[in-house]
Amino acid sequence: MARFWHHVKQVIYEADILIEVLDARHIKETRNPEIEEKVLEAGKKLLYVINKSDLVKTKKFVNLKPSVYVSSTQKLGTTILLKKILELSRGEPVIIGVLGYPNVGKSSLINAL
């Protein structure tokens, strides 16, 4: 467990914008408030990416800002995500960190981008 937090802290430290990947089928269950708190304490920008949106019939309303719905495997919403990243970065070069529970689609999201 100690190694996990070491890696999380390193990603938070090195990144300018952090993406927390959530599963559209289980949004509340795949959020990690402890990580979100550490990101905000570090003064970093947090972007919620709700992945696997193609697997739900209706999009659940969530009060997470800023957030983007995507389907990494279908490559849906990736253009909107890129625009949101550009908006948060204000056009400056940034390092993006990707965080999330196992099997939420972190690698698929990275590959889609």
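A few points about this structure:
- The chain: antiparallel DSSP beta bridges as a percent of all, rounded to 5: 5 percent
- Accessible area of the chain divided out per residue, in Å², using a probe of 1.4 angstrom: 64 Å²
- Placing a label point 7 Å from the Cα of H6 along the Cα-to-Cβ line, the residues of region 14-57 whose backbone N sits under 18 Å from it are 14.
- Part-to-part distance (alpha-carbon centres) for region 25-91 and region 1-24, which is given in Å: 14 Å
- Surface composition of region 32-113: carbon plus sulfur atoms contribute 54% of the solvent-accessible area (1.4 Å probe, protein chains only, all chains present).
- Mean separation of Cα pairs under 8 Å and 6 or more residues apart, divided by the residue count, gives the chain a relative contact order of 34 percent.
- Restricted to Cα atoms, the chain shows a radius of gyration and a Dmax of 13.4, 38 angstrom.
The values are calculated or read from the model by the stated rules, or taken from the named source; none is laboratory data. Remember, predicted model here, so these are calculated numbers, not experimental data. Note that we place each Cβ from the backbone using ideal geometry, even for glycine, and neighbour counts take in every protein chain shown. These area figures cover heavy atoms from the full protein model, side chains too; ligands, DNA and RNA do not enter into them. Shrake-Rupley method; radii C 1.70, N 1.55, O 1.52, S 1.80 Å.
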